[in-house]
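Taking it in order: structure first as structure tokens, then the write-up.
The values are calculated or read from the model by the stated rules, or taken from the named source; none is laboratory data. Bear in mind that the values here come from a model prediction, so they are computed numbers and not experimental data. Every residue, glycine as well, gets a Cβ built from its backbone with ideal geometry; the counts of neighbours run over all protein chains shown.
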């Protein structure tokens with residue numbers, strides 16, 4: 001089952017179920033997925049059960065929603081400050097090879113010669129999938145922003161004027177809500193373009209935190225249910241109507257050095273992320289980057305990320321800010 005959020009022709013936000021015939025079935029009495037999940041928690045009912053109960057008799061055209069630019073990000077919070085956007089890196093079995101192009105030593109070196117990044121990757125391979133209920137190795141973790149940085153599918157994704165690079169990162173993200181007691185619940189999963197500045201990161205890995213403070217995109221659909229252990233997709237960059245770069249990517253736990261459970265534990269173990277009512281979008285990492293193949297993106301390029309299990313492609317056009325100023329702070 002997959003869900004989207006969109007704007008109705010009357011201008012109201014709506015949540016709907018994606019059907020196999022390219023139609024959407026709106027859900028009664030829920031404008032957002034967050035509201036839907038809140039109702040499920042309040043009524044102590046499984047999310048899928050509530051979705052079936054709320055389906056209307058109406059059918060709307062999915063293509064028309066897209067054509068009329070009414071598709072929204074699939075997960076939002078009415079107060080963006082209460083939606084955390086975070087992620088983990090070095091989590092996929094090929095990610096060490098990509099990172100090795102940025103740093104000196106590779107994953108096959110003796111441990112004493114490994115970079116800090118490679119040591120962390122190796123720890124994940126060895127201890128990233130512990131027995132259920134036990135903590136495993138800590139992954140690389142980063143803060144990306146709040147809900148205000150999430151760009152709608154089909155909209156431009158903006159790179160700031162001070163960025164040295166504007167590169168896609170095709171990933172899967174987990175979507176979460178905390179109940180009134182602060183217990184996190186997973187709603188589902190979505191495709192994502194985590195979008196980062198890889199040249200800044202390459203300059204010094206301690207600048208990783210800076211490189212991640214960028215916009216991102218998820219969706220357009222939320223996959224409800226257990227994530228398949230093997231996922232195949234592709235990532236493309238389209239320039240002037242032609243494919244500039246294309247590469248397949250793999251995800252799911254069969255292709256990861258960490259389990260989803262372990263990544264979730266090391267995020268939600270912090271009380272900060274268990275505040276009642278807060279929402280979370282957490283990126284699980286990737287091993288496929290155009291930057292690793294020497295591609296330099298430019299304004300007007302379109303990023304396209306697809307994996308069949310997630311439905312429609314995620315597309316966003318790159319825009320680069322031109323205005324350059326020094327941000328000043330004024331005494332109060």
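Give the residue that is farthest from residue 288 (Cα to Cα), with candidates limited to residues of the stretch 94-109 that are modelled with pLDDT of 55 or more and surrounded by fewer than 17 Cβ atoms within 10 Å (Cβ to Cβ).
Within the stretch 94-109, the match that is farthest from residue 288 (Cα to Cα) is 97.
Among helices (runs of 4 or more DSSP H) lying entirely in the stretch 1-96, which contain 3 or more residues that are under 20 Å from the mean Cα position of the chain (by Cα)?
Numbers: elements: 33-43, 47-54, 62-67.
Answer list for the stretch 1-96: 33-43.
Kindly check whether there is at least one residue in the stretch 293-309 that is farther than 27 Å from residue 84 by Cβ, assigned by TED's automatic domain parsing to the domain that holds residue 177, surrounded by fewer than 18 Cβ atoms within 10 Å (Cβ to Cβ) and free of Cβ contacts under 8 Å to residues at least 12 places away in the same chain.
Yes; the residues of the stretch 293-309 include at least one that is farther than 27 Å from residue 84 by Cβ, assigned by TED's automatic domain parsing to the domain that holds residue 177, surrounded by fewer than 18 Cβ atoms within 10 Å (Cβ to Cβ) and free of Cβ contacts under 8 Å to residues at least 12 places away in the same chain.
Evaluate the stretch 314-330: report whether one residue or more is assigned to a loop (DSSP other than H, G, I, E, B), at pLDDT 95 or above and under 11 Å from residue 191 (Cα atoms).
Scanning the stretch 314-330 turns up no residue that is assigned to a loop (DSSP other than H, G, I, E, B), at pLDDT 95 or above and under 11 Å from residue 191 (Cα atoms).
Only one of these is modelled with pLDDT of 95 or more, part of a strand (DSSP E or B) and farther than 14 Å from residue 212 by Cβ: 173, 190. Name it. So that I can check it myself, show each step before the final result.
Values: 173 fails: farther than 14 Å from residue 212 by Cβ.
The conditions single out 190.
Of the conditions (1) assigned to a loop (DSSP other than H, G, I, E, B); (2) at pLDDT 90 or above; (3) farther than 21 Å from residue 264 by Cα, residue 136 clears all except one; give me its number.
All conditions pass for residue 136, except number (3).
Can you name every residue in the stretch 216-267 that is more than 16 Å from residue 92 (Cβ to Cβ), touching a helix residue (DSSP H, G or I) at 6+ places or on another chain (Cβ under 8 Å) and not in a strand (DSSP E or B)?
Within the stretch 216-267, 224, 225, 267 meet the criteria.
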